[in-house]
Structures are given as C-alpha cells and as structure tokens.
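Enquirer: Pasting in a structure now, in structure tokens, and then I'll have a few things to ask.
The values are calculated or read from the model by the stated rules, or taken from the named source; none is laboratory data. Just so it is clear, the model here is predicted, and its values are computed rather than measured. Here the Cβ positions follow ideal geometry from the backbone for every residue, glycine too, while neighbour counts run over all protein chains shown.
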Amino acid sequence: MGTLSNSFKIAVFEGDGIGPEITKPTLEILKSASSNYEGFSLDFEFLPAGAGHYRDTGSALPKESMDRARAADAILLSAIGLPDVRYKDGTEIRPQVDLRFNLDLYAGVRPVKIYPGAKCPLSDPRAKDIDFVLVRESTEGLFAHMHDGKVVDDQYATETLKITRSTSEKLFDFSFSLARQRAAEKGRPGKVTCVDKANIFRSFWFFRSIFEERAKSFPDVISDAAYVDAMAMWMVQKPWDFDILVTENMFGDILSDLGAGIMGSLGIAPSADIGDDHAVFQPCHGSAPDIAGQGVANPLAMILSAGMMMTWLGHQHGVPQLIECGQGIDDAVTRVLANERGLTRDLGGQLGTEECALAVLEALPSNG
Ligand code: ATP
Ligand code: MG
C-alpha cells in the first residue's frame, strides 16, 4: 500500500459517453501535477465497468473490477450510464452505487463554491463568498433498503428509512474533522450544520441527537441544526453563511443538485464518496450522451474530482506533497475559469475538452 513506498495505486473507471473523453486529459494533468513533486508517484490501473460494459457482457461491475478497486489506494470514477441501457427491472445502471455500498463509503462529499467565470444564478454580491461542503450520508437513509422497497398492490407502496448509530457517529465525526481541517486552512472557526427533519420523524430526532452527542467531542467547531425544508430556502437566500452541511442520503441527493445549480454548471461540480479505508472520486454530472464523441465536454468537474483525490490521499497517508498537489490542481482550474477565453461551451465559451485541459496543465504551479 501507499504508505511504505509512497507509490499509490489509482483504480480508474473511464465510464460511458463523455467518460473516456474527460478521463484521458485528467490523467495527463495528474501525471504532470505529480511530476512536480518528489516523494510519491501514481500508478493507474484501468478497470471495466458501466453501461457499455453491461450491454456487452451482462455485468455493470465485474467482480474482478470490484476486487481490484478494493485493493487500490483510491478510485477515480468517470461518468457512467447510457440512455438506452438499463438493468432488466428498468432501473439505471449504477456501479457507482454498488461501489458505495460494497466499500461502505458513508460520506458523500460535495463541495459547493463559486469559481470565477461560472455563472452563479444568484445576483447577490455575497454569492462570490459561497464556499461550503455538503456531506451526504450515502449508505443508509431512504436508500438503505432500495432493493426491497415495495409496491404492495395497486393501492399501496412503501419504503423504509434506516439510521444507525454506528454510521451516524462516523458521518458526524468525519464532518467535524473536515470542518476542523478547513478551519485550519482558512484561518477561521469551522461550523457544522445538521440538516434533518427532527420535528416530524423519530428517525431524524435520533439522527440529530447523535449529532449533538458527537458535537461535544469537537468543542472548537461550531455546531447547529436546521430542518431540510428551511435549508432548501437558505441555500438560495444565504448560502454564504454555511461551512459544512451534513445530512441523510435522500435529503443530500436533492440538496447536492441544488448545490450544483448554485455553482452555475454541472460541468464544474466534483464529488467524493469516502469511507474509513476507501474513497471514490467522481464528477457530479452524468455521461452527457447528447454531446459524447464531439470533444466539447467540460473536463473540469473530473479534474477537480482528481484534485480532491490527491488531497484525500495526502491526509489519509500523511503526505503533505499530495495535499499541495491537490490544492495546485484546484488553483489551476480557478485560474483557467478566471480567463473568459478559458471556458467550455456549457459555460458560454468556445473551448473544447482537450483545449480546456491543456489550459489547466499550463496553469499548474510549476508549469506556468
Ligand atoms: P445522470 O442520470 O447520469 O445524472 P443525466 O441524464 O441526469 O445523467 P447528464 O448526463 O449529467 O444528465 O447531462 C445533463 C446535461 O448536462 C446534458 O445536456 C449534458 O450535455 C450536460 N452536461 C453534463 N456534463 C457535462 C460536461 N462535463 N460538460 C458539458 N455539458 C455537460
Ligand atoms: Mg442526473
């Protein structure tokens, strides 16, 4: 594993649609960015999975791919899915969900911040200060019993929502630690807001009471709580007030799209799904079949996800160069977006995928 040799194995799933188009330049950026540092190296292993693979072989995530992903130090997953390929029951191909459950990736991390050049739909001048992270519990909640939700008869259907103490404690500890880490980086106190519906549902009252218990172990981090309906409004009215929002799976699913909306484009929204020992990094967008093969997809969400992967590896293994490398990738993307000529079509610009990625490559710290 990484810590002994500081050579990190990265499992790469190229995905479907625009997936391979955005993966290729992302790996070039990772190679170039990491070549600027001594002390670690990356070793990429390409693994098959996805809708195309399901169509060809009947398996969306072969066991071999799963085993190798489990053995890797981190997993980089591109966009998955094709419009006309579905499981036999009619649901979407979802190896990303299988990875979350199989590797117990309980913390879904969605940073929401305003990059220059991105068209934030909020006109308030404070919108430029938006910089929060949504942490979505990703293995339980309303998705825990996804496979045994029932349409009982033509009059009645039911689903179950599950909250466990063990996962909730890990989720909250993760969120408070992330707040601490960001507070140290930004030189201001951290804050975690628990988002739930504790006024109506006993399961959410349980969720919030565990949150309040865990908060006591992080006295340096401010903690508060909000109901999800109010939070949906505040994410539009005063999103600059938040630091970390932590919530249940389904609420997080919905609020993370609201977050991507605030950012101005899906094309710049990265994500991570993190557990104790494993993590998957993936752009928030889908495989965009409508523009696949045209070379116009925005690669930045994928590149930012790769940057998050470097930062996570750095913290996980105590390698500061990796953290610096991850920050360098984020900074390079920020610089590219600040230049109006650096924008892809989804942001109103002219650049193709490769040109945009090349601009990021040139903006990396020691390539400038
Ligand atoms: P999924 O169900 O997998 O989330 P989806 O059908 O909801 O997929 P996407 O594949 O994310 O949606 O595409 C939604 C729209 O956003 C499409 O018009 C697509 O072209 C556009 N889009 C998504 N990702 C990008 C990108 N990286 N660059 C440019 N446009 C994108
Ligand atoms: Mg979608």
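Enquirer: Can you name every residue in region 54-71 that is surrounded by fewer than 16 Cβ atoms within 10 Å (Cβ to Cβ) and polar (S, T, N, Q)?
Expert: Within region 54-71, T57, S59 qualify.
Enquirer: Now for a different question. Look through region 265-319, keep the residues that are among the β-branched types (V, I, T) and more than 16 Å from ligand 2 (Cβ to nearest atom), and return whichever of them is farthest from L347 (Cα to Cα).
Expert: V319
Enquirer: Condition first: buried (at least 19 other Cβ atoms within 10 Å of the Cβ), farther than 17 Å from P270 by Cβ, away from ligand 1 (no atom under 14 Å from the Cβ) and polar (S, T, N, Q). Can you find one or more residues in region 31-53 that meet it?
Expert: Yes, because at least one residue in region 31-53 is buried (at least 19 other Cβ atoms within 10 Å of the Cβ), farther than 17 Å from P270 by Cβ, away from ligand 1 (no atom under 14 Å from the Cβ) and polar (S, T, N, Q).
Enquirer: Now, a different point. Within region 277-307, how many residues turn out to be in contact with a strand residue (DSSP E or B) (Cβ under 6 Å, 6 or more places away or on another chain) and in a loop (DSSP other than H, G, I, E, B)?
Expert: 2
Enquirer: L245 - would you say it is surrounded by 19 or more Cβ atoms within 10 Å (Cβ to Cβ), under 28 Å from L122 (Cα atoms) and under 19 Å from the mean Cα position of the chain (by Cα)? Show your work before the answer.
Expert: On the way: surrounded by 19 or more Cβ atoms within 10 Å (Cβ to Cβ): yes; under 28 Å from L122 (Cα atoms): yes; under 19 Å from the mean Cα position of the chain (by Cα): yes.
Answer is yes for this residue.
Enquirer: May I pose another question? Which residues, taken from region 260-287, are among the small types (G, A, S) and at pLDDT below 95? First the steps, then the outcome.
Expert: In the first step, residues of region 260-287 are kept if they are among the small types (G, A, S); the result is 260-261, 264-265, 267, 269, 271-272, 275, 279, 286-287.
Selection gives A260, G261, G264, S265, G267, A269, G286.
Enquirer: Pick from region 248-266 the residues that are part of a loop (DSSP other than H, G, I, E, B) and under 16 Å from S123 (Cα atoms): which of them is farthest from ligand 1 (Cβ to nearest atom)?
Expert: Across region 248-266, the extreme among qualifying residues is G264.
Enquirer: Collect the residues in region 147-189 that are of a type in the set (G, A, S), in contact with a helix residue (DSSP H, G or I) (Cβ under 6 Å, 6 or more places away or on another chain) and over 12 Å from F207 (Cα atoms), keeping them in residue-number order. Steps first, answer last, please.
Expert: Let us first name the residues in region 147-189 that are of a type in the set (G, A, S), namely 149, 157, 166, 168, 175, 177, 179, 183-184, 187.
Those left that are additionally in contact with a helix residue (DSSP H, G or I) (Cβ under 6 Å, 6 or more places away or on another chain): 168.
Of everything in region 147-189, nothing turns out to be of a type in the set (G, A, S), in contact with a helix residue (DSSP H, G or I) (Cβ under 6 Å, 6 or more places away or on another chain) and over 12 Å from F207 (Cα atoms).
Enquirer: Any residue at all in region 31-50 that is touching a Pro at 6+ places or on another chain (Cβ under 8 Å), away from ligand 2 (no atom under 16 Å from the Cβ) and over 20 Å from D330 (Cα atoms)?
Expert: Within region 31-50, one or more residues are touching a Pro at 6+ places or on another chain (Cβ under 8 Å), away from ligand 2 (no atom under 16 Å from the Cβ) and over 20 Å from D330 (Cα atoms).
Enquirer: Could you check, for region 73-80, whether at least one of its residues is surrounded by fewer than 18 Cβ atoms within 10 Å (Cβ to Cβ) and either out of contact with any Cys (no Cβ under 9 Å at 6 or more places or on another chain) or among the β-branched types (V, I, T) (or both)?
Expert: The answer is no, given that none of the residues of region 73-80 is surrounded by fewer than 18 Cβ atoms within 10 Å (Cβ to Cβ) and either out of contact with any Cys (no Cβ under 9 Å at 6 or more places or on another chain) or among the β-branched types (V, I, T) (or both).
Here is a yes/no grid of residues against (1) within 22 Å of V133 (Cα to Cα); (2) out of contact with any Phe, Trp or Tyr (no Cβ under 8 Å at 6 or more places or on another chain):
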| residue | (1), (2) |
| --- | --- |
| M308 | yes, no |
| G314 | yes, yes |
| P320 | yes, yes |
| Q327 | yes, yes |
| V333 | yes, no |
| L337 | yes, no |
| G342 | no, yes |
| R345 | no, yes |
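Yes/no matrix, rows are residues, columns are (1) without any contact (Cβ under 8 Å) to a residue 40 or more places away in the chain; (2) of a type in the set (F, W, Y); (3) within 21 Å of F44 (Cβ to Cβ); (4) in contact with a Lys or Arg (Cβ under 6 Å, 6 or more places away or on another chain):
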position: M66; (1), (2), (3), (4): yes, no, yes, no
position: A72; (1), (2), (3), (4): no, no, yes, yes
position: L76; (1), (2), (3), (4): no, no, yes, no
position: A79; (1), (2), (3), (4): no, no, yes, no
position: I93; (1), (2), (3), (4): no, no, no, no
position: R100; (1), (2), (3), (4): no, no, no, no
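Enquirer: Still on this structure: Only strands (runs of 3 or more DSSP E) wholly contained in region 106-199 count here; list those with 1 or more residues that are buried (at least 21 other Cβ atoms within 10 Å of the Cβ), free of Cβ contacts under 8 Å to residues at least 60 places away in the same chain and among the aliphatic types (A, V, I, L, M).
Expert: Hits in region 106-199: 191-196.
Yes/no matrix, rows are residues, columns are (1) among the aromatic types (F, W, Y); (2) within 21 Å of A260 (Cα to Cα); (3) surrounded by fewer than 18 Cβ atoms within 10 Å (Cβ to Cβ); (4) within 14 Å of ligand 1 (Cβ to nearest atom):
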| residue | (1), (2), (3), (4) |
| --- | --- |
| D290 | no, yes, yes, yes |
| M310 | no, no, no, no |
| Q327 | no, yes, yes, no |
| D331 | no, yes, yes, no |
| L358 | no, no, yes, no |
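Enquirer: Do we find a residue being within 24 Å of D277 (Cα to Cα), of a type in the set (S, T, Y) and modelled with pLDDT of 95 or more anywhere in region 208-225?
Expert: yes
Enquirer: Sticking with this structure for a sec: Which ones in region 330-355 are within 17 Å of P25 (Cβ to Cβ) and of a type in the set (S, T, Y)?
Expert: T344, T353
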